[in-house]
Amino acid sequence: MFQNYFKVAIRNLFRHKSYTAINIAGLSIGIAASLLLFLVIRYEYSYDTFQKNYSKIHQFVMDDKLTNGEHIYNPGSPFPALQALRAEFPTMKIGTLLSSNGSQITILKNDPSSGIMNPKYITENGLIYADPELFQVLDYKWLKGQPSILAEPNVVVLTRAAAEKYYGSIDAAMGKSLMVDNLTTMQVSGIIETPPANTDFPMETIGSFETYKKIDQPYGYMPVWGFLTSSNVILTRFPDNVTRETVEKKLEAYSARVFEKSNRREYRKTILLPLSDVHFDTRFHNLGDHIISRNTLNILSFIAVLIIVMASINFVNLSTAQAVGRSREVGVRKVLGSSRPQLFRQMMGETGLIVIISIAISLVIAFVAIPFVKNIVSINEELKLISVATLIFLAIVFVAVTFFSGVYPSLVLSGFKPALALKNKITSANVGGISLRRGLVVLQFGISQILVIGTIIAVSQMNYVKNADIGFNKEAVFVMNSTADSALIAKREAFKMAVLQLPGVQSLSYSSDIPSSDNNSASNFGFDLKNDNDFDLFLKFGDEDYFKTYGLQIIAGRALAKTDTLREAVVNETLIAKLGLKKPEDVLGKKIRFGGNIPIPVVGVVKDFKTNSLRESVKPLMISSVPEFYTVTAVKLRSTDIDKASKAIQKTWDRYFPEYANTSEFMDETIDNFYQQENQLSNLYKIFAGLAIFISCLGLYGLVSFLAIQKTKEVGIRKVLGASVGNIVYLFSKEFTILIAVAFCIAAPIGWFMMNKWLEDFQFKISIGAGVFVLAIFLSMMIAWVTVGYKAVKAALANPVKSIRAD
């Protein structure tokens, strides 16, 4: 019986080649797109799940509620918190790690007297300082040594990948020495297996926390409760008998006891962030390469489902349309004894066969497309196409698509009455064709128009971000990041003079960071010799050429003078407004104090610029000069031949600072990296909106092709009676035009709601105007008319005599 069903199914597929091709093409593309999205979503949800105690691990994070109701969240903890938390929770494993981004590693292979330079590296994932108990919280495989070695100063642990990069092998690495930031020498005393890429705690080079505590500068270990850095991360693993609720209750009392009251905040408290939320909670940045919200992944999941639904709609539409043509076949089978269940199984078998073929083709498409998708979403690890999870996903897709696509057409075909079928009296009305197909076309184009609207808004927002006035000139600024110590500081002036002599160089500035960065260094502060204000003051440090190099505009007073110490300050307009001053000149000469430093005079006011990304509001800011904090060297170039100039600058750096490595990038690239996730989502919208439109057009083309055959005689008679080509084209296109318009009326409010929620992440954003929706409906109509027009014109130009004689 099965063999007979299979043969009949194959014959039917070949008998209706065009419809089979359309169905398989639509399903293959839809399943491939959904499979690729599944791989990306699964990868994002896999972050740190390799940890054995994944569900029991939590991070201690900070929540400050200011008196104005604003919350400031910080993923770090004050340095004294480690011992305090261990005393508070003696049964829990609590470990610490501190990330030092941009640290330099010098491999001490050569004798300095030989004249051969030792290899230098800027750590890709930052240098991590950790204590032994961290490895009782996080699980890593130790290849050499053991965690207890991290209780000693001046020891370092490498991953296998780092050991092989630095020394060639793990055996060769053991016992060797390396220097960190030209400050301290450490001995390689352990090797761990390289962690997977899907972790928010990337490790490469791990120094002992005891070493960090002994290095006074430039790190500045400050074991006081008032100092908080996001780099100091404290993690815990709950024992089996401890619940989160119990810990949170004790943390309330702990926070009230250890944190001092302040007139600028209602409270400061330590809260728990589960490891399962570290990758997804956008309130806290992590040590990994990105954060992605669950809402974004839900949107991608929703798109994957919509793409498959659209492909299935094509199948239902074409199958019900074909049902009229297969009525005689069904009638003959019923007369010869086939029952309705047998016919139903046959039709479902044909659907299943098409779906299996489509899945096989989709695997080929996905295999070819994986490298492009990885590039779009910046996944560096291999995405395994064939895995248990993939097979389960495809099995679910097979069952769902076969059921959704096949049940209704199979019920319709198997339900034909033999007498009507044999007399060829089955019409579209018998298959519920008109109303069903209209509804499915509306649904299909509604889905595609939601994606088109989303694409237009996402692209518009990212164009706005790219071209927005951020308050300074980001073009042609070459930025080098390095460490800062007394030896480097001593050579800065000579290096600056040498660089300024290079062709194409306009100015050079040393600073703590560029004007727009992810730096959120802030402090309590007092103004005009008064007590602390009720909001934080954000800090940047730069030299006398900071404003000139970045094109920042001074609107009152002057820029900073040349100095080698903390002497004066420039503030921004936002701070003026928050202090309640009426005009910028009112702040000049007044003194400002931050942290425990002495008050310094305000000498200038800078026009507001975007201190962080456009997702955030402009912060109240003070810029001052502290050379020890300058880890960024920025060179403003003329727009001609910037590549040649940047190479000359790098060559000059190597001549003046041969013992210092650096990483370099143009500032506009750095700022573009702020919006990596949004750009990725925008690109995905473009791709899947295009696929949705393509699948919709496939189905529309198939339906119009079928209608052209069904209306062959009608078209011939109309032409004989004087109908023009335009009349015939109008006959075919008017109904679909109305259906697309109805689909737009449904899609527009849904698209507006979804994208309006997405735009809420930005403080600076576009407004969603009518133009977005006009463009969306125009594009949909044009694409549909082109799809319908080809077949309609072909039918209209056919010889009416042949059309009327057609069987």
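The values are calculated or read from the model by the stated rules, or taken from the named source; none is laboratory data. In this text, all values refer to a predicted model and were calculated from it rather than measured experimentally. Counting neighbours? That spans all protein chains shown, and the Cβs are built from the backbone with ideal geometry, glycine included. To get the accessible areas, we keep the full protein, side chains included, count just its heavy atoms, and leave off ligands, DNA and RNA. Shrake-Rupley method; radii C 1.70, N 1.55, O 1.52, S 1.80 Å.
Quick one: count up the residues across the range 346-371 that are within 24 Å of the chain's Cα centre (by Cα) and either acidic (Asp, Glu) or surrounded by 11 or more Cβ atoms within 10 Å (Cβ to Cβ) (or both). Talk me through it step by step, then tell me what you get.
Residues of the range 346-371 that are within 24 Å of the chain's Cα centre (by Cα), as a first pass: 365-371.
In the following step, the residues that additionally are either acidic (Asp, Glu) or surrounded by 11 or more Cβ atoms within 10 Å (Cβ to Cβ) (or both) were identified as 365-367, 369-370.
Going through the range 346-371 one residue at a time, the tally reaches 5.
It is to be established whether one or more residues within the range 692-700 are more than 30 Å from residue 310 (Cβ to Cβ) and either aromatic (Phe, Trp, Tyr) or surrounded by fewer than 22 Cβ atoms within 10 Å (Cβ to Cβ) (or both). Steps first, please.
Taking the range 692-700 first, the residues more than 30 Å from residue 310 (Cβ to Cβ) are none.
Looking for residues that are more than 30 Å from residue 310 (Cβ to Cβ) and either aromatic (Phe, Trp, Tyr) or surrounded by fewer than 22 Cβ atoms within 10 Å (Cβ to Cβ) (or both), one finds none in the range 692-700, hence no.
Might you check whether a residue that is within 18 Å of residue 98 (Cα to Cα) and not acidic (Asp, Glu) occurs anywhere in the range 158-171? Give the derivation first.
So in the range 158-171, the residues within 18 Å of residue 98 (Cα to Cα) come out as 158-159.
Within this subset, residues satisfying the condition of being not acidic (Asp, Glu) are 158-159.
Looking for residues that are within 18 Å of residue 98 (Cα to Cα) and not acidic (Asp, Glu), one finds at least one in the range 158-171, hence yes.
Return a yes/no flag: does the range 694-703 have any residue that is of a type in the set (Val, Ile, Thr) and at pLDDT below 75. Show your work before the answer.
Just the residues of the range 694-703 that are of a type in the set (Val, Ile, Thr), to begin with: 695.
Going one step further and asking which of them are at pLDDT below 75, we end up with none.
No, the range 694-703 contains no residue that is of a type in the set (Val, Ile, Thr) and at pLDDT below 75.
Given the conditions (1) over 20 Å from residue 233 (Cα atoms); (2) touching a strand residue (DSSP E or B) at 6+ places or on another chain (Cβ under 9 Å); (3) open to solvent by 30 Å² or more (accessible area, probe 1.4 Å), and given that residue 73 satisfies all but one, which numbered condition is not satisfied?
Only one criterion in (1) over 20 Å from residue 233 (Cα atoms); (2) touching a strand residue (DSSP E or B) at 6+ places or on another chain (Cβ under 9 Å); (3) open to solvent by 30 Å² or more (accessible area, probe 1.4 Å) is unmet by residue 73, namely (1).
Quick check, is residue 709 open to solvent by 40 Å² or more (accessible area, probe 1.4 Å), outside any loop (DSSP other than H, G, I, E, B) and either at pLDDT below 80 or not hydroxyl-bearing (Ser, Thr, Tyr) (or both)?
Details: open to solvent by 40 Å² or more (accessible area, probe 1.4 Å): yes; outside any loop (DSSP other than H, G, I, E, B): yes; either at pLDDT below 80 or not hydroxyl-bearing (Ser, Thr, Tyr) (or both): yes.
The answer is yes for residue 709.
List the pairs whose first member sits in the range 505-516 and is in contact (Cβ under 8 Å) with a residue 24 or more places away in the chain, whose second member is hydroxyl-bearing (Ser, Thr, Tyr), and whose Cβ atoms are under 6 Å apart, counting only residues at least 6 apart or on separate chains?
507/549; 509/546; 509/549; 510/630; 510/633; 511/546; 511/630; 515/550
Could you look through the range 635-676, keep only residues that are out of contact with any Ser or Thr (no Cβ under 8 Å at 6 or more places or on another chain) and small (Gly, Ala, Ser), and pick out the one that is most open to solvent (accessible area, probe 1.4 Å)?
Checking each candidate, the answer is 639.
Among the residues of the range 362-386, how many are in a loop (DSSP other than H, G, I, E, B) and closer than 19 Å to residue 27 by Cβ? Talk me through it step by step, then tell me what you get.
Pass one, the range 362-386, residues in a loop (DSSP other than H, G, I, E, B): 378-386.
Adding the requirement that they be closer than 19 Å to residue 27 by Cβ leaves 385.
Summing the residues that are in a loop (DSSP other than H, G, I, E, B) and closer than 19 Å to residue 27 by Cβ in the range 362-386 gives 1.
Out of 542, 446, 471, 454, report the one residue that is within 36 Å of the chain's Cα centre (by Cα) and at positive phi. Outline the logic, then answer.
Working: 542 fails: at positive phi; 446 fails: at positive phi; 454 fails: at positive phi.
Going through 542, 446, 471, 454 in turn, just one is within 36 Å of the chain's Cα centre (by Cα) and at positive phi: 471.
Starting from residues that are polar (S, T, N, Q) and touching a Ser or Thr at 6+ places or on another chain (Cβ under 9 Å), keep the ones in the range 162-188 and report whichever is surrounded by the most Cβ atoms within 10 Å (Cβ to Cβ).
The first filter runs over the range 162-188 and keeps only residues polar (S, T, N, Q), leaving 169, 177, 182, 184-185, 187.
Add one more test, that the residue is touching a Ser or Thr at 6+ places or on another chain (Cβ under 9 Å), and what stays is 177, 182, 184-185, 187.
Working: 177: 14, 182: 18, 184: 16, 185: 14, 187: 14.
In this case the residue turns out to be 182.
From the list 18, 55, exactly one residue is touching a Pro at 6+ places or on another chain (Cβ under 9 Å), open to solvent by 10 Å² or more (accessible area, probe 1.4 Å) and part of a helix (DSSP H, G or I). Which is it? Working first, answer last.
Working: 18 fails: touching a Pro at 6+ places or on another chain (Cβ under 9 Å).
Sole residue among the options that is touching a Pro at 6+ places or on another chain (Cβ under 9 Å), open to solvent by 10 Å² or more (accessible area, probe 1.4 Å) and part of a helix (DSSP H, G or I): 55.
Go through 597, 612 for me and flag whichever is open to solvent by less than 50 Å² (accessible area, probe 1.4 Å), in a loop (DSSP other than H, G, I, E, B), modelled with pLDDT under 90 and closer than 29 Å to residue 225 by Cα. Let's see the steps before the verdict.
Details: 597 fails: open to solvent by less than 50 Å² (accessible area, probe 1.4 Å).
That would be 612, the only listed residue that is open to solvent by less than 50 Å² (accessible area, probe 1.4 Å), in a loop (DSSP other than H, G, I, E, B), modelled with pLDDT under 90 and closer than 29 Å to residue 225 by Cα.
Criterion first (at pLDDT 80 or above and not hydroxyl-bearing (Ser, Thr, Tyr)) does residue 426 satisfy it? Steps first, please.
On the way: at pLDDT 80 or above: no; not hydroxyl-bearing (Ser, Thr, Tyr): yes.
The answer is no for residue 426.
Looking only at residues that are more than 21 Å from the chain's Cα centre (by Cα) and farther than 18 Å from residue 686 by Cα in the range 27-50, which one is surrounded by the most Cβ atoms within 10 Å (Cβ to Cβ)?
27
Of the residues that sit in the range 600-609 and are more than 20 Å from residue 566 (Cβ to Cβ) and out of contact with any Phe, Trp or Tyr (no Cβ under 7 Å at 6 or more places or on another chain), which one is least open to solvent (accessible area, probe 1.4 Å)? First the steps, then the outcome.
Step one: list which residues in the range 600-609 are more than 20 Å from residue 566 (Cβ to Cβ), which gives 607-609.
Still in the running and out of contact with any Phe, Trp or Tyr (no Cβ under 7 Å at 6 or more places or on another chain): 607-608.
Numbers: 607: 91, 608: 48 Å².
Looking at residues that are more than 20 Å from residue 566 (Cβ to Cβ) and out of contact with any Phe, Trp or Tyr (no Cβ under 7 Å at 6 or more places or on another chain), I get 608.
On the basis of being in a helix (DSSP H, G or I), in contact (Cβ under 8 Å) with a residue 40 or more places away in the chain and among the aliphatic types (A, V, I, L, M), does residue 158 make the cut?
On the way: in a helix (DSSP H, G or I): no; in contact (Cβ under 8 Å) with a residue 40 or more places away in the chain: yes; among the aliphatic types (A, V, I, L, M): yes.
Spelling it out, it is not the case that residue 158 is in a helix (DSSP H, G or I), in contact (Cβ under 8 Å) with a residue 40 or more places away in the chain and among the aliphatic types (A, V, I, L, M).
Being surrounded by fewer than 18 Cβ atoms within 10 Å (Cβ to Cβ) and either modelled with pLDDT under 80 or of a type in the set (S, T, N, Q) (or both) is the requirement here; does residue 338 meet it?
On the way: surrounded by fewer than 18 Cβ atoms within 10 Å (Cβ to Cβ): yes; either modelled with pLDDT under 80 or of a type in the set (S, T, N, Q) (or both): yes.
The answer is yes for residue 338.
Here is a yes/no grid of residues against (1) of a type in the set (A, V, I, L, M); (2) touching a residue at least 12 places away in the same chain (Cβ under 8 Å); (3) touching a helix residue (DSSP H, G or I) at 6+ places or on another chain (Cβ under 9 Å):
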site: 559; (1), (2), (3): yes, yes, yes
site: 575; (1), (2), (3): yes, yes, yes
site: 597; (1), (2), (3): no, yes, no
site: 600; (1), (2), (3): yes, yes, no
site: 603; (1), (2), (3): yes, yes, no
site: 631; (1), (2), (3): no, yes, no
site: 635; (1), (2), (3): yes, yes, yes
site: 640; (1), (2), (3): no, yes, no
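Among 679, 662, which is the only one that is of a type outside the set (A, V, I, L, M), under 20 Å from residue 182 (Cα atoms) and within 28 Å of the chain's Cα centre (by Cα)? Quick ask: steps written out before the conclusion?
Details: 679 fails: under 20 Å from residue 182 (Cα atoms).
Of the residues listed, the single one that is of a type outside the set (A, V, I, L, M), under 20 Å from residue 182 (Cα atoms) and within 28 Å of the chain's Cα centre (by Cα) is 662.
Taking the range 545-594 as the region of interest, how many residues are under 38 Å from the mean Cα position of the chain (by Cα) and part of a helix (DSSP H, G or I)?
11
Give me the pairs: first residue in the range 214-234 and at positive phi, second residue in a loop (DSSP other than H, G, I, E, B) and modelled with pLDDT of 85 or more, beta-carbon distance under 9 Å, and six or more apart or on different chains, which are they?
Note: no pairs meet the criteria.
Tell me, which residue of the range 471-497 that is open to solvent by less than 50 Å² (accessible area, probe 1.4 Å) and of a type in the set (Ser, Thr, Tyr) is farthest from residue 644 (Cα to Cα)?
Checking each candidate, the answer is 483.
For the condition in contact (Cβ under 8 Å) with a residue 12 or more places away in the chain and basic (Lys, Arg), what is the one hit in 530, 496?
Working: 530 fails: in contact (Cβ under 8 Å) with a residue 12 or more places away in the chain.
Just a single option satisfies the conditions, and that option is 496.
From the set of residues in the range 283-293 that are touching a strand residue (DSSP E or B) at 6+ places or on another chain (Cβ under 7 Å) and surrounded by 16 or more Cβ atoms within 10 Å (Cβ to Cβ), which is nearest to residue 536 (Cα to Cα)? Reasoning before the result, please.
Step one: filter the range 283-293 for residues touching a strand residue (DSSP E or B) at 6+ places or on another chain (Cβ under 7 Å), giving 283-284, 287.
In the following step, the residues that additionally are surrounded by 16 or more Cβ atoms within 10 Å (Cβ to Cβ) were identified as 284, 287.
Working: 284: 18, 287: 24 Å.
This residue is 284.
Report, by residue number, each residue of the range 128-155 that is part of a helix (DSSP H, G or I) and either acidic (Asp, Glu) or open to solvent by less than 10 Å² (accessible area, probe 1.4 Å) (or both). Can you show your working first?
First, the residues of the range 128-155 that are part of a helix (DSSP H, G or I): 134-137, 147-151.
Within the range 128-155, 134, 137, 150 meet the criteria.
Just the residues that are of a type in the set (Gly, Ala, Ser) and more than 13 Å from residue 638 (Cα to Cα), please, taken from the range 464-508.
Taking the range 464-508 first, the residues of a type in the set (Gly, Ala, Ser) are 468, 471, 476, 482, 484, 486-487, 490, 494, 498, 504, 507.
468, 471, 482, 484, 486, 487, 490, 494, 498 - these are the residues of the range 464-508 that are of a type in the set (Gly, Ala, Ser) and more than 13 Å from residue 638 (Cα to Cα).
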